[in-house]
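The values are calculated or read from the model by the stated rules, or taken from the named source; none is laboratory data. For clarity, every value in this text was computed on a predicted model and none was experimentally measured. Here Cβ is always computed from backbone atoms with ideal geometry, including for glycine, and neighbour counts include all displayed protein chains. Accessible surface areas use protein heavy atoms only, side chains included; no ligands, DNA or RNA. Shrake-Rupley method; radii C 1.70, N 1.55, O 1.52, S 1.80 Å.
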Amino acid sequence: LYNNVDDKKLLFDIKNKLGLSDEEIKKALVRIPEKYEKFEEFWNLLPVLRKKYKLAVINNGNSLADKYWRKRFDFSIFDEFIVSAKVGIKKPDPRIYLFVCKKLKVKPKNRLFLDDLQENIIAAKKLRMKTLWWKEKIKKETNLEKLIKLLVE
């Protein structure tokens, strides 16, 4: 349910399928970002990367939890933080990647896209983006090494 890009439908589904009250929904929304932790080594690399690259996040989530994401993580290091529900398109729809490229004024072939879901990587590759599938089963440090290798190529 949390991966829905239509907030009105999401609220309707939560109330009807789960039977939650408005207060229970509010408490649940706060919890969505809490299950995510910063990978400090990666996060600390971002200011260095921003000196040379434009950075963006595509969050395939609802806009209801957006303020809680921003409260938990400082996304000011990114040039863009796109919430799928706000634009009505979510990954792996190619239009979301093109939307971000347009906002950043870059071509897809000049972008490096990282994601933990293979379907999103496949969609980005179809647009000729360079990609890194950030596999959760692999140690974070190994993924970071792969990223650094891609950046120096």
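Taking into account only those residues within the range 33-85 that are within 13 Å of the chain's Cα centre (by Cα) and assigned to a helix (DSSP H, G or I), which is nearest to Ile121 (Cα to Cα)?
Here the answer is Ser84.
For the range 87-103, enumerate the residues that are modelled with pLDDT under 95 and either β-branched (Val, Ile, Thr) or under 13 Å from the mean Cα position of the chain (by Cα) (or both).
Val87, Ile89, Lys90
Quick check on the range 69-80: of everything there that is modelled with pLDDT under 95 and over 22 Å from Ala28 (Cα atoms), which residue is most open to solvent (accessible area, probe 1.4 Å)?
Ranking the candidates gives Ser76 first.
Mind checking which residues of the range 7-26 are closer than 29 Å to Ile77 by Cβ and loosely packed, with under 13 Cβ neighbours inside 10 Å?
Lys26
Here is a check on your reading of the model: is Ile89 assigned to a loop (DSSP other than H, G, I, E, B) and touching a residue at least 40 places away in the same chain (Cβ under 8 Å)?
yes
I'd like the full set of residues that are assigned to a helix (DSSP H, G or I), of a type in the set (A, V, I, L, M) and touching a residue at least 40 places away in the same chain (Cβ under 8 Å), limited to the range 92-122. Walk me through it before giving the result.
So in the range 92-122, the residues assigned to a helix (DSSP H, G or I) come out as 94-104, 108-110, 118-122.
Going one step further and asking which of them are of a type in the set (A, V, I, L, M), we end up with 96, 98, 100, 104, 121-122.
If the condition is that a residue be assigned to a helix (DSSP H, G or I), of a type in the set (A, V, I, L, M) and touching a residue at least 40 places away in the same chain (Cβ under 8 Å), then Val100, Leu104 are the ones that fit.
In the range 86-113, how many residues are closer than 24 Å to Val152 by Cα, in contact with a strand residue (DSSP E or B) (Cβ under 8 Å, 6 or more places away or on another chain) and surrounded by 18 or more Cβ atoms within 10 Å (Cβ to Cβ)?
Number satisfying all stated conditions: 4.
Which condition from (1) open to solvent by 30 Å² or more (accessible area, probe 1.4 Å); (2) closer than 21 Å to Lys38 by Cα; (3) under 16 Å from the mean Cα position of the chain (by Cα) is the one that Ile138 breaks?
Evaluating Ile138 over (1) open to solvent by 30 Å² or more (accessible area, probe 1.4 Å); (2) closer than 21 Å to Lys38 by Cα; (3) under 16 Å from the mean Cα position of the chain (by Cα) leaves (3) as the failure.
Could you list, in sequence order, all residues of the range 45-63 that are exposed (fewer than 15 other Cβ atoms within 10 Å of the Cβ) and charged (D, E, K, R)?
Within the range 45-63, Arg50, Lys51, Lys52 meet the criteria.
State yes or no: is Asp66 on the phi < 0 side of the Ramachandran plot, open to solvent by 30 Å² or more (accessible area, probe 1.4 Å) and among the acidic types (Asp, Glu)?
Values: on the phi < 0 side of the Ramachandran plot: yes; open to solvent by 30 Å² or more (accessible area, probe 1.4 Å): no; among the acidic types (Asp, Glu): yes.
It is false that Asp66 is on the phi < 0 side of the Ramachandran plot, open to solvent by 30 Å² or more (accessible area, probe 1.4 Å) and among the acidic types (Asp, Glu).
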